[in-house]
Each structure stands twice: as C-alpha cells, then as structure tokens.
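I have placed the structure first, in the form of structure tokens, so that the comments after it can refer back to it.
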Amino acid sequence: MDTCFLIDLMKGDPDAQAVARLPTTLKTTSISSAEFLYGAKQSGKKNMYDFSEKFLRFFPVLPFDEESAVIYAGIAHAFSGTGRHISTFDELIAAIALRHDEPLVTRDRHFSVVEGLEVISY
C-alpha cells in the first residue's frame with residue numbers, strides 16, 4: 001500500500017475502504033510506513049502519532065533489502081535522462097512492491113510508468 005492509501009484508509013475514504021474489503025492481505029512498505037509516521041509526527045498531535053503507529057500494526061510491512069536496492073537502481077536508472085521521473089521515495093516503494101511481487105494500491109497515477117509494477121487504483 002502506498003502512503004496515500006494508508007492516509008485515505010485511516011480517514012475513512014469510501015474508495016479506500018472498498019479496496020480494503022477486497023479478499024486480499026493488504027501490505028505496506030517500510031518507506032510508506034516511514035512517510036506515514038512522519039506525517040503524523042508533523043501534525044504536532046501526540047494522539048495522531050500514537051493512533052497512526054497502532055494503525056500500522058494491522059498491516060505486514062515489506063522491508064527494503066538488498067534485492068529491493070538492485071530493483072530501485074534499475075528503476076531510477078531507467079528514468080534518468082528520459083524526462084520521466086517520480087519521487088525517490090515512490091521509486092523505493094515501487095522497488096519494494098516489485099521485489100515482493102505485490103501490487104501497489106495507490107491513487108497516484110505516476111506509478112503506472114514503472115515497468116512491471118501492478119497498480120491497483122482507487
């Protein structure tokens with residue numbers, strides 16, 4: 001799950017909730033977890049951070065490992081000099097999803113440019 005999906009799901013977005021009801025195990029990445037918790041910390045509300053940390057416990061977190069690093073390097077290299085680019089964090093998230101052969105649930109359409117990445121849009 002991309003960071004935007006975690007945020008939308010926590011906020012009760014109906015489209016995100018519909019995806020969450022699909023018969024699959026939703027997983028997130030270590031990068032999305034970090035972005036999600038950073039945003040909660042930036043809110044300045046202690047209860048928001050505590051709630052966000054507990055919310056994340058419901059989902060398995062896929063790690064960024066050596067194989068993810070190799071995949072990330074390929075993604076970043078493929079975009080270099082092409083004029084196409086997504087953020088480094090999003091490239092890392094895509095690499096983790098590809099490494100673990102998991103689809104990425106997101107509303108961010110720019111992920112569609114990552115070759116081989118299955119995107120579940122909502």
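The values are calculated or read from the model by the stated rules, or taken from the named source; none is laboratory data. For clarity, every value in this text was computed on a predicted model and none was experimentally measured. A quick note on method: Cβ atoms are made from the backbone with ideal geometry, for glycine too, and the neighbour counts reach across all protein chains shown. In case anyone asks, the SASA skips ligands and DNA or RNA and just uses the protein heavy atoms, side chains included. Shrake-Rupley method; radii C 1.70, N 1.55, O 1.52, S 1.80 Å.
Paramagnetic label reach from residue 113 (point 7 Å along Cα→Cβ; backbone nitrogen cut-off under 15 Å): within the range 63-89, residues 75-89. Each label was represented as a point 7 Å from its Cα along the Cα-to-Cβ direction; for residue 38 and residue 82 these points are 2.4 nm apart.
Of all lysines in the structure, the ones whose alpha carbon falls short of 22 Å from that of residue 46, not counting any fewer than 8 places away in one chain, are 11, 54.
Taking other residues whose beta carbon is less than 14 angstrom from the beta carbon of residue 50, and scoring Lys, Arg as +1 and Asp, Glu as -1, yields +4.
Only one residue of 121, 94, 75 has its Cα farthest out toward the positive end of the dipole of the range 43-122, where Lys and Arg carry +1 and Asp and Glu -1 on Cβ, and that residue is 121.
Annotation: the range 1-105 has a Kirkwood hydrodynamic radius of 14.6 angstrom, from the mean reciprocal C-alpha pair distance. Quick check on the range 49-122: take the gyration tensor over C-alpha atoms, sort the square-rooted eigenvalues as a ≥ b ≥ c, and tell me if it's rounded (a/c under 1.5), prolate or oblate. Prolate.
When only Cα pairs below 8 angstrom with a gap of at least 6 residues are kept, the range 43-122 shows a relative contact order of 24 percent.
Per residue, the solvent-accessible area of the chain (1.4 Å probe, heavy atoms of protein chains only, all protein chains present) comes to 58 Å².
Per-residue packing, averaged as other Cβ atoms within 10 Å, sorts the ranges 106-116, 81-91 into the order 106-116, 81-91, beginning with the highest. Each label point was placed 7 Å from the Cα along the Cα-to-Cβ direction; for residue 53 and residue 10 their separation is 1.2 nm. Counting protein heavy atoms only, the chain has 55 percent of its accessible area on carbon and sulfur, 1.4 angstrom probe.
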